[in-house]
1. Gaussian network model of the chain, Cα springs within a sub-10 Å range: biggest mean-square fluctuation belongs to which of ILE101, ILE47, ILE65?
2. Determine ³J(HN,Hα), in whole Hz, for all residues of region 125-138 in sequence, where each value follows from phi through the Karplus function 6.51 cos²θ - 1.76 cosθ + 1.60 and θ = phi - 60°; x replaces Gly and Pro.
3. Of the accessible area of the chain, with the probe set at 1.4 angstrom, what percent is carbon plus sulfur?
4. To check you understand DSSP bridge types, tell me what percent of the beta bridges within region 16-150 (both residues inside) are antiparallel, rounded to 5.
5. Which order do LEU62, LEU145, LEU138 take by accessible area at a 1.4 Å probe, largest first?
6. For the chain, modelled as a GNM with alpha-carbon contacts under 10 angstrom, which of THR52, THR130, THR91 fluctuates the most?
7. From the P(r) of region 118-168, can you give the percent of Cα pairs sitting at distances over 16 Å?
8. Could you compute how much accessible surface TYR82 exposes when probed at 1.4 Å, giving the result in Å² to the nearest 10?
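The values are calculated or read from the model by the stated rules, or taken from the named source; none is laboratory data. No experiment lies behind these values; they were computed from the predicted model shown. The area values use the complete protein model at the heavy-atom level, side chains included, leaving out ligands, DNA and RNA. Shrake-Rupley method; radii C 1.70, N 1.55, O 1.52, S 1.80 Å.
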Amino acid sequence: MESIVLEKIEFEKGKSFKVFSPSLRNTFLWHYHPEFELVYVEADAGIRHVGTHVSTYTNSDLVFIGSNLPHLNFDYRLRSDYHQTVIQLKTDFLGNALGKIPEFSSIDALFANAAFGIAFGNDTKNLVATKLKQQPTLPALEQLLELMKIFHILALSQDRDLLNHDSR
């Protein structure tokens, strides 16, 4: 296995998160970064490697990854066509609002559980897939508002699995 790499993430000035669609199909990028990352991959099947957890996914994947949790790029060695939407968030994405605003308590818990890596099932993927794919087309404030709606859906989801129960 290749060594783990610290990925340096750059954000546009005045933005607390970035939305993009990487394509690294033939690149093995075992990496980590302090930023949180939400990954949606629309593909027939692929490899999910987050922390010590290794599995495959079929019919798309939706994973929320916490700060400094090592992971492999989700499009590694994909054979079929695919589309990927990645959202990377600064560690202080909303300042200290998550821990202080009562209405954000479920989202705060979601971010805490991201330290283990969270994979979401089909029901949740179906609810948020369109919202995630629309993110790049929205103006900045609408992106943020829609992203908070997405995190609210993810926070309330019963259709999810922690990937690394023994981590942290």
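1. Maximum fluctuation in the GNM of the chain, among the listed residues, is at ILE101.
2. 4, 5, 5, 9, 4, 5, 4, 5, 5, 7, 3, x, 8, 8
3. Details: 4440 of 8730 Å².
Answer for the chain is 51 percent, counting heavy atoms of protein chains only.
4. Details: 27 of 29 bridges.
Around 95 percent antiparallel, to the nearest 5.
5. Details: LEU62 0, LEU145 95, LEU138 45 Å².
Largest accessible area first, the list is LEU145, LEU138, LEU62.
6. THR130
7. Working: 590 of 1275 pairs.
Cα-Cα pairs in region 118-168 separated by more than 16 Å: 46 percent.
8. The accessible area of TYR82 comes to roughly 40 Å².
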